[in-house]
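Below you'll find the structure, written out as structure tokens, and then a few comments.
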Amino acid sequence: MKKWLLAAGLGLAMVTSAQAADKIAVVNMGNLFQQVAQTTGVSKTLENEFKGRAGELQKMETDLQSKMQRLQRDGSTMKAADRSKLEKDVMAQRQTFSQKAQAFEQDRQRRSNEERGKLVNRIQAAVKKVADDQSIDLVLDANTVAYNSSDVKDITADVLKQVK
């Protein structure tokens, strides 16, 4: 009797675990993020958005370098007043450049994070839709799972289709 109950319990556990495996899926979020970012052209959009400011900063840097080279090259032969004026100009321009470069980098990073957030939201919505459509209870990131058997379904391709 005890053996029969043990066998029945073991059989029930195996059926339950097999059913649970059908309700679990994995998705490769890193791969999805890269592919969606490429197809939506986020990097090109950001590049075009900041192109003007980047060009302005590059022009400022070139001008600053030429003044610094002139000061280094001709500084010893210049009049004291001219050299002092050029040094002050270089210092002021260096400070302005530094402030603008820092603001540029912060703005670029902020916009990049905004766009990344939008992509993550789109991917998460697609994962939820695919999971609902396929009656999946749990979806895990494939990169965070130490091991999964071949019984666990990979829905990465389905989610990618849904996002596009």
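The values are calculated or read from the model by the stated rules, or taken from the named source; none is laboratory data. Quick caveat, the model's predicted, so the values are computed rather than measured. With ideal geometry, Cβ positions are generated from the backbone for all residues, glycine too; neighbour counts draw on all protein chains shown. Accessible surface areas use protein heavy atoms only, side chains included; no ligands, DNA or RNA. Shrake-Rupley method; radii C 1.70, N 1.55, O 1.52, S 1.80 Å.
Any residue in segment 23-45 that's assigned to a helix (DSSP H, G or I): show its pairings with residues that are surrounded by fewer than 12 Cβ atoms within 10 Å (Cβ to Cβ) at Cβ separation under 6 Å, as long as the two are six or more apart or on different chains.
If the second residue must be surrounded by fewer than 12 Cβ atoms within 10 Å (Cβ to Cβ), the pairs left are G30/N143.
Would you pick out the residues in segment 82-97 that are among the aliphatic types (A, V, I, L, M) and either open to solvent by 100 Å² or more (accessible area, probe 1.4 Å) or within 11 Å of D63 (Cβ to Cβ) (or both)? I'd like the intermediate steps shown before the answer.
Here is the first cut: in segment 82-97, the residues among the aliphatic types (A, V, I, L, M) are 86, 90-92.
Of everything in segment 82-97, those that are among the aliphatic types (A, V, I, L, M) and either open to solvent by 100 Å² or more (accessible area, probe 1.4 Å) or within 11 Å of D63 (Cβ to Cβ) (or both) turn out to be V90, M91.
Here is a list of conditions, (1) within 27 Å of N31 (Cα to Cα); (2) without any contact (Cβ under 8 Å) to a residue 24 or more places away in the chain; (3) of a type outside the set (D, E, K, R), and S76 meets all of them except one; can you say which number that is?
Here S76 meets the rest and fails (1).
Enumerate the pairs (first residue in segment 134-158 and more than 13 Å from L32 (Cα to Cα); second residue anywhere and at pLDDT 85 or above and among the small types (G, A, S)) with beta-carbon separation below 7 Å, excluding pairs fewer than 6 apart on the same chain, so at least 6 apart or on different chains.
I136/A25; V139/A25; V139/A131; V152/A25; K153/A25
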